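Visitor: Before I ask anything, let me first share the structure, which is written out below as structure tokens.
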Amino acid sequence: DLAIGLLPQLKAGFFQRRLFTQRYVCLFRQGHPLDHDGFSLADFRAAEHLVVESAGTGHGQVDELIQKAGIERSVRLTVPHFVSVGHILQRTPLLATVPERLAQTLTEPFGLAFRPHPVKLPEVPINVFWHAKMHRAPANQWLRGVVFELFGADAGSDTAVA
């Protein structure tokens, strides 16, 4: 009924509303050699990386931006979803580039830390999408309202863009 995320391919026939924007950060286990305030681009380049290739989303654009900036990474592991990131980072010396809200969620339960990303990356929009045929459906309107209330940066506004 709803799609939530960075989904630039969803255009015609869908309504969308911004939930929030977020930046990308570097996530790693607490006590990692990079767990310090002076985290630099040189540190980022020297690290071993976990990369999330999330098919069907816009998150791959971040990897493209890092490559276009001429930054080589030593990728040691690639996974298809963000679900396993906490489990992997907690037990390895790897570093991952992830959305900040995900990093905030994973730090406490997995003993992780994050730092601002040393590569200039744009903030990305996280939107809620729904098909035009569901736009006036009461159940879908209710569900969208709950999602906006719980996760939206601007709870209370109900503007949608077709």
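The values are calculated or read from the model by the stated rules, or taken from the named source; none is laboratory data. Bear in mind that the values here come from a model prediction, so they are computed numbers and not experimental data. So basically every Cβ, Gly included, is an ideal-geometry build from the backbone, and we count neighbours across all protein chains shown. Side chains included, ligands, DNA and RNA excluded: accessible areas come from the protein's heavy atoms. Shrake-Rupley method; radii C 1.70, N 1.55, O 1.52, S 1.80 Å.
Visitor: Based on this model, can you work out whether Val75 counts as exposed (fewer than 15 other Cβ atoms within 10 Å of the Cβ) and out of contact with any Phe, Trp or Tyr (no Cβ under 9 Å at 6 or more places or on another chain)?
Guide: yes
Visitor: Could you check region 51-68 and list, in sequence order, the residues that are open to solvent by less than 60 Å² (accessible area, probe 1.4 Å), touching a residue at least 12 places away in the same chain (Cβ under 8 Å) and out of contact with any strand residue (DSSP E or B) (no Cβ under 6 Å at 6 or more places or on another chain)?
Guide: Within region 51-68, Ser54, Gly56, Gly58, His59, Asp63, Ile66 meet the criteria.
Visitor: Same structure again: If I ask for residues that are closer than 20 Å to Ile71 by Cα, under 13 Å from the mean Cα position of the chain (by Cα) and surrounded by 18 or more Cβ atoms within 10 Å (Cβ to Cβ), which ones from region 2-50 would you list?
Guide: Scanning region 2-50 gives Tyr24, Val25, Cys26, Leu27.
Residues checked against (1) open to solvent by 60 Å² or more (accessible area, probe 1.4 Å); (2) farther than 26 Å from Phe39 by Cβ; (3) over 18 Å from the mean Cα position of the chain (by Cα):
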site: Gly86; (1), (2), (3): no, no, no
site: Thr105; (1), (2), (3): yes, no, no
site: Val119; (1), (2), (3): no, no, no
site: Val147; (1), (2), (3): no, yes, no
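Here's the yes/no breakdown for (1) within 21 Å of Gln9 (Cβ to Cβ); (2) part of a helix (DSSP H, G or I); (3) modelled with pLDDT under 90:
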site: Pro125; (1), (2), (3): yes, no, yes
site: Trp130; (1), (2), (3): yes, no, no
site: Arg136; (1), (2), (3): no, no, no
site: Ala139; (1), (2), (3): no, yes, no
site: Trp142; (1), (2), (3): no, yes, no
site: Gly145; (1), (2), (3): no, yes, no
site: Glu149; (1), (2), (3): no, yes, no
site: Asp154; (1), (2), (3): no, no, yes
site: Ser157; (1), (2), (3): no, no, yes
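Visitor: With Val128, Val147 as the choices, which residue is touching a residue at least 24 places away in the same chain (Cβ under 8 Å), of a type outside the set (Gly, Ala, Ser), over 16 Å from Val51 (Cα atoms) and touching a helix residue (DSSP H, G or I) at 6+ places or on another chain (Cβ under 8 Å)?
Guide: Val128
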